[in-house]
Amino acid sequence: MYFLDPSLAQQIVDRTMKIIGHNINVMNNCGVILGSGDPHRLDSTHEGALLAISQNRTVEINSATAANLHGVKAGINLPLHYKGEIIGVIGITGEPEILHNYGELLKMTAEMIVEQANSIEQAQWQYRQKEEFILQLIKSEAVFSSQLKDWAKQLNIDIDAPRVVAVIQVQGDEEQTSANSLLKKVLNLLENPSRGNLVAMTSMTELVILKPAFLDGNRWDPDLESQRIDQLLSRIPTEMNLRLKIALGHFFPNPADISRSYFTARETLTLGQQLRPHENKYLYEDFSLLVLLSGLRGDWRGEELITPYQVLIGADKNGQLRKTLTAYLQHFGDLQQCANALFIHRNTLRYRLDKIQQVTDINIQELDGLLQLYLGQVLISKIQHSEH
């Protein structure tokens, strides 16, 4: 059963009174006046409306009859229908013989307003449900619950379709309303045509997009996705484009891992902004190691991993040993190329490498030791960037 609310009833009054110069009343299905051109009549019961509801017919009341009824003036009262049910009554104040020709027109207008308002409300409800579903989807872990699957079915969403997550964020010091307006324009571009995108606003300045992963029909191609992002950015005016940052996460074959794809997109965005602030497109493939290591931040394993490199930092006041280690890693342990790059003699290089081993108590001649120093260096670099 659909129920009229006062705001919609008053909207009907305001719009229909523009058609004719007579007072309009809109009553609910109990005959109570919800909207009126005469504010003093609000919330009172209209007996003519009760008669129209009980008999499901147009009730015309002249001045003589109105004098014998409570809360009634001369006029016409027409039942309003929505989906075959009486939802209220629209009343026109005045002598029936004068208003007769207006009755059906106003009834039709009122019913159209109700139908339009309900359609908009349903569309908004559907959109809110879809948005909330997407937000739940990117928070789900490991497996999809039966409730989530049922919800997807109600929204006509294929929950098992392979997807990858992208995150779009608005940068700048502008007001949130301005950022929100820009995101809505981007959202419109993503949904028209939609190409199967599931889009939701995670905040006033951020969008999340669950994109179909197989753009060529049968396999994941990050290069093709990158080109798609370029196409999207090209459709956005330059002055808006400069304010957007977009990051594409990693594709996981299992649809239930979509939350992991979201995590990698968020981490890629964070790293991209830190390391390449002048760019506006960031791909997981360009930051994969840092993204994977980000899970160690604040974890005891991460603390253990960075300890030897932290010891090196403490002992290396002028940064010479760290510079040497970086060159050694970049040249994959080739002593001659490393010495050439540092413009030092090989014996000097050996001395520095021995010093690194003494300070850190790590054997850099073994892969495990060298890898630990490398990962420690990467993690420390990431922590320092995040702090700035």
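Every read-out reported here was derived from the displayed coordinates using simple, explicitly stated rules and does not represent laboratory data. Here the structure is a predicted model, which is why all the values come from computation and not from measurement. Cβ placement follows ideal geometry from the backbone for every residue including glycine, while neighbour counts extend to all protein chains displayed.
Some observations on this one:
- Overall form of the stretch 32-190 per C-alpha gyration tensor (a/c, 1.5; a/b vs b/c): prolate
- Shown is the FRET efficiency for residue 70 and residue 184, computed with R0 = 51 Å from the Cβ-Cβ distance and rounded to the nearest 0.05: 0.50.
- The stretch 47-155: trypsin sites (Lys or Arg not before Pro) in DSSP coil with no more than 12 other Cβ atoms inside 10 Å: 57, 83, 139
- Between 0 and 90°, nearest 10: helix 258-275 axis offset from the chain longest Cα axis: 60 degrees
- Every helix of 4 or more DSSP H residues in the chain counts as -39500 (n - 2.57), and over all residues that averages to -17000 deg cm²/dmol at 222 nm.
- Shape class for the stretch 297-387, computed from the alpha carbon gyration tensor (a ≥ b ≥ c): prolate, with a/c not under 1.5 and a/b above b/c.
- Helix 320-330 axis, angle to the chain major axis (alpha carbon atoms, nearest 10°): 80 degrees
- Residue 238 paired with residue 40, simple spin-label distance in nm, labels 7 Å along Cα-to-beta-carbon: 6.5 nm
- Förster radius 35 Å - calculated FRET efficiency between residue 203 and residue 346 (Cβ-Cβ, nearest 0.05): 0.05
- The angle separating the long axis of helix 176-191 from the principal Cα axis of greatest extent in the chain is about 90 degrees.
- Distance violations [Cα-Cα > 24 Å] among 184/211; 18/184; 149/184; 211/281: 18/184; 149/184
- Counting only DSSP beta bridges whose two residues both lie in the chain, roughly 90 percent are antiparallel.
- Listed by chain and number, the aspartates and glutamates placed with their C-alpha closer than 19 angstrom to that of residue 139 are 131, 150, 158, 160, 206, 257, 267; residues fewer than eight positions away on the same chain are left out.
- 16 Å cut-off, amide nitrogen to a point 7 angstrom out along residue 329 Cα→Cβ, residues in the stretch 285-314: 287-294, 296-297, 302-314
- Ignoring lysines fewer than eight residues from residue 323 along the same chain, the ones with Cα atoms less than 19 angstrom from its Cα are 355, 382.
- Peptides 270-282, 250-262 ranked from most to least packed, by the mean per-residue count of other Cβ atoms within 10 Å: 250-262, 270-282.
- (i) 47, 24, 18; (ii) 31, 22, 21; (iii) 72, 19, 18, with the label sought being that of the calculated semi-axes √(5λ) of the Cα gyration tensor in Å: (iii)
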